[in-house]
1. Among the residues of the range 74-92, how many are touching a Pro at 6+ places or on another chain (Cβ under 9 Å) and modelled with pLDDT of 95 or more?
2. What number of residues in the range 256-282 are under 24 Å from residue 33 (Cα atoms) and outside any helix (DSSP H, G or I)?
3. Could you check residue 325 against (1) of a type in the set (Gly, Ala, Ser); (2) within 14 Å of the ligand (Cβ to nearest atom); (3) over 17 Å from the mean Cα position of the chain (by Cα) and say which number it fails?
4. Would you confirm whether any residue within the range 50-57 is closer than 25 Å to residue 350 by Cβ and surrounded by fewer than 21 Cβ atoms within 10 Å (Cβ to Cβ)?
5. In the range 53-62, what residues are in a loop (DSSP other than H, G, I, E, B) and within 16 Å of the ligand (Cβ to nearest atom)?
6. Looking at the range 25-52, which of the residues that are in a helix (DSSP H, G or I) and touching a residue at least 40 places away in the same chain (Cβ under 8 Å) is farthest from residue 298 (Cα to Cα)?
7. Kindly check whether there is at least one residue in the range 91-100 that is touching a residue at least 24 places away in the same chain (Cβ under 8 Å), within 12 Å of the ligand (Cβ to nearest atom), closer than 20 Å to residue 151 by Cβ and surrounded by fewer than 20 Cβ atoms within 10 Å (Cβ to Cβ).
8. Considering only residues that are more than 10 Å from the ligand (Cβ to nearest atom) and more than 20 Å from the chain's Cα centre (by Cα), which ones fall in the range 294-317?
Amino acid sequence: MHKEENFQTVTLIAGDGIGPEVTAAACEVVLASGAQVIFEPVLAGMAAMEQTGTPLPKNVFQSIKKHHLVLKGPTQTPFGGDYRVRVEMENAQGQTEVRSHPSVAIALRKELSLYVNVRPIRNYPNVPSRYENIDLLIFRENSEDLYTGQERMIDANTAEAIKIITASATQRVTRFALDYMRRLNRQRLTVGHKANVMKMTDGLFLKTAMEVAKPYVDIQMEQRVVDALCMELVMKPESFDALLLPNLYGDIISDLAAGLVGGLGVAPGANIGADCAMFEAVHGSAPDIAGKDVANPMAAILSAVMMLRYIHQPQAADRIERALSRVLADKKDITRDLGGSVGTRQMTAAIIRALN
Ligand code: NAI
């Protein structure tokens, strides 16, 4: 039997800005770890736009529909303007439909029904941070809220956006969060919302999440208004176990939480659906440091580690985590955001050397 028959193919989207640097690092480390994966690169984002006229060409979906697994670098989205990511997809009746989304990442999450974004935030030994003992799981609803892209200019000076919350999407993400927590023996889930003002939408999110959680008697449910939650996260982040948030608050709080443990360079993530998953760091394309070999590859590498656990290759995942811990403890080959002075490539090479 050919050795590669047991290997899992992963669609690889390098992305924009620092994306190609940090995904290259993640792929090198994964391949060196002995993981049984093969990467299939496809082009999406600005590079795809330049080469094909669209940021999300059809072959990206073709590859993902075949392999159901994606490792993705960040993709750049212009601020403001009328940039839309148009995709041609087949609807339930077999007809081709053109749909548009605010960004490549949102288009992928939505079209692939990746309904939850899981973002573990924790202190890593030897990563400088103002806090200790943070070990927080963020579950961000990934399919609706203000991210459905239903925005319009009413006139030149007035714009509106539609916020959608459904009971079904809230039930789905809450169930996922609670089941995931059970597997990890996590005990307390805090729902973030603004139901005092967004009475219908966030009110529905909060009510539905609390309803779904009733049979999960082993998990304590609590709720916080999202602004107060931000304050508490900064004052005593170690007191939270897991957060369940609608899409927009989840996006914002993920970056805040990354800042509590050393910055965006150390925060990985996974977008998960019923039959497909896409692993990507919390951070964006970081145009300010792109192409300079200074980006921290940790978040991309840890996203790949989450991927390896998802496809049941824990040994390779453990090896990578141990190697990373050694490099962090050694403090010699770490990027400048971690207090070191080496580049992305040197840190990656050190992690590969430390694999055993
Ligand atoms: P950003 O996350 O790219 O950068 C924010 C700050 O964090 C910058 O100072 C950057 O240098 C730093 N940073 C980020 N990753 C780092 C790393 N690995 N190592 C060291 N420093 C790092 O956020 P920004 O500037 O708001 O967004 C830039 C672009 O990225 C935008 O076009 C945005 O739409 C896109 N973006 C894409 C995402 C995705 O594809 N999933 C997620 C977030 C943003």
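The values are calculated or read from the model by the stated rules, or taken from the named source; none is laboratory data. Being a predicted model, the structure only gives us computed values, none of them experimental. Cβ coordinates were reconstructed from backbone atoms using ideal geometry, including for glycine residues, and neighbour counts include every protein chain displayed.
1. Looking only at that region, the number is 2.
2. Within the range 256-282, residues that are under 24 Å from residue 33 (Cα atoms) and outside any helix (DSSP H, G or I) number 13.
3. Residue 325 satisfies all of (1) of a type in the set (Gly, Ala, Ser); (2) within 14 Å of the ligand (Cβ to nearest atom); (3) over 17 Å from the mean Cα position of the chain (by Cα) except (2).
4. Residues of the range 50-57 closer than 25 Å to residue 350 by Cβ: none.
No, the conditions are met nowhere in the range 50-57.
5. The initial filter retains those residues of the range 53-62 that are in a loop (DSSP other than H, G, I, E, B), namely 53-57.
Result: 55, 56.
6. So the first thing to find is which residues in the range 25-52 are in a helix (DSSP H, G or I), and the list is 25-32, 46-52.
Add one more test, that the residue is touching a residue at least 40 places away in the same chain (Cβ under 8 Å), and what stays is 25-30, 32.
Numbers: 25: 9, 26: 8, 27: 12, 28: 13, 29: 11, 30: 12, 32: 16 Å.
By that ranking, first place goes to 32.
7. We begin by selecting, within the range 91-100, every residue touching a residue at least 24 places away in the same chain (Cβ under 8 Å); these are 100.
From what's left, within 12 Å of the ligand (Cβ to nearest atom): none.
Checking the range 91-100: not a single residue is touching a residue at least 24 places away in the same chain (Cβ under 8 Å), within 12 Å of the ligand (Cβ to nearest atom), closer than 20 Å to residue 151 by Cβ and surrounded by fewer than 20 Cβ atoms within 10 Å (Cβ to Cβ).
8. 315, 316
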